[in-house]
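Worksheet: the structure to be examined is printed underneath.
The values are calculated or read from the model by the stated rules, or taken from the named source; none is laboratory data. A quick note: this is a predicted structure, and the numbers were derived from the prediction, not measured. All Cβ positions, even for glycine, are placed from backbone atoms using ideal geometry, and neighbour counts span all protein chains on display.
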Amino acid sequence: MRKNNASKYLAYAFLILLALAWLFPALFGLFTSFKSQGDIMEVGFRMFPANWIVTNYLKLLQNTSSAPIITWFFNSLFVSTTHALLVVVVVSLAAFGYTRVNFKGRDALFYGVLAISMFPSAVNIIPSYKIVDSLGWVNTYLAVIIPGLGGVGNVFLVRQFMQNIPAEYDESARMDGASDFVIYKNIILPLVKPVLIVAGMFSFVGSWNDFLWPTIVLSDVKKMTITAGLQLLQDLYGNYVMIGQLMSAAVIAMIPTVLLFVFAQKYFIDSLNLNVGIK
């Protein structure tokens, strides 16, 4: 019993250290966004502001020309939400095909695609850009929404969930004259709702935090996502005088992902239980 308690306490201590390692820079950035120029340039380390101010946020929000942070925020919100919704549709259809539709070479095709996905994503940047350019999507929202819709990681996650649903459901529905699409829509989708929500959230966060690809395909300041905009802000404000505004922009960029984590923890837990939707 003592050994079990010791292991539990060690695990808790390790998790607390990991949490602190993540929280400390986030909290430091948050507090820095409320610091005055004098506090930021002060020699030595100071976690909390000597005088709390909101001037950094006001100046940042008032800049609607060279750094339209509100426009970037809503651009990212539109791109990430649209991308996540389309991912749910594409991934659920792909997983349904790989688990509920029998065709020759089905498993070989899936594992082949899974093997190809093991290559680093940086390898695909130039081919992806050439494809996007040939379609005329450069500097449009399509360039940051469409690529990555069929991410193999999400397909694998939903496929594993679907495989646990008994095949008898499909057979009973087919005996009643249901087509594959009816089975997908009326039987499978309700059962895999928790994991689809998780896949959608992963896609939203991945799209929201994506930095490299938007900076490559978007050049119009008014069309930039917030991550690409932060890079522009770093070029504009990358000195001690403007570091408070840069931190303010970073805090604004964190808001959606933090809220998503707070309100969606239940679905992360449900997705770990493969039987959650089966009654």
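When you scan region 63-118, how many residues do you find that are within 26 Å of Gln231 (Cβ to Cβ) and at pLDDT below 85?
5
Every residue in region 253-268 that is of a type in the set (A, V, I, L, M), surrounded by fewer than 12 Cβ atoms within 10 Å (Cβ to Cβ) and modelled with pLDDT under 85, please.
The first filter runs over region 253-268 and keeps only residues of a type in the set (A, V, I, L, M), leaving 253-255, 258-260, 262, 264.
This time we only want the ones that are surrounded by fewer than 12 Cβ atoms within 10 Å (Cβ to Cβ), so: 255, 258-259, 262.
The answer is Val262, and nothing else.
For residues in region 50-64 being part of a loop (DSSP other than H, G, I, E, B) and among the polar types (S, T, N, Q), which is nearest to Gln234 (Cα to Cα)?
Among residues in region 50-64 that are part of a loop (DSSP other than H, G, I, E, B) and among the polar types (S, T, N, Q), the one nearest to Gln234 (Cα to Cα) is Asn63.
When region 150-182 is examined, which residues are found to be assigned to a loop (DSSP other than H, G, I, E, B) and surrounded by fewer than 18 Cβ atoms within 10 Å (Cβ to Cβ)? Even if it seems obvious, please write down each step before you answer.
Step one: filter region 150-182 for residues assigned to a loop (DSSP other than H, G, I, E, B), giving 150-151, 164-167, 176-179.
Matches in region 150-182: Gly150, Asn164, Pro166, Ala167, Asp176, Gly177, Ala178, Ser179.
How about region 31-49: which of its residues are loosely packed, with under 15 Cβ neighbours inside 10 Å and part of a helix (DSSP H, G or I)?
Of everything in region 31-49, those that are loosely packed, with under 15 Cβ neighbours inside 10 Å and part of a helix (DSSP H, G or I) turn out to be Gly38, Met41.
Working carefully through the options Lys185, Lys222, find the one that is among the charged types (D, E, K, R), part of a helix (DSSP H, G or I) and surrounded by fewer than 13 Cβ atoms within 10 Å (Cβ to Cβ).
Numbers: Lys185 fails: surrounded by fewer than 13 Cβ atoms within 10 Å (Cβ to Cβ).
None of the others qualify; the one that does is Lys222.
Out of all the residues in region 165-180, is one or more closer than 30 Å to Tyr141 by Cβ and out of contact with any strand residue (DSSP E or B) (no Cβ under 9 Å at 6 or more places or on another chain)? Can you show your working first?
At the first step, the residues of region 165-180 found to be closer than 30 Å to Tyr141 by Cβ are none.
No.
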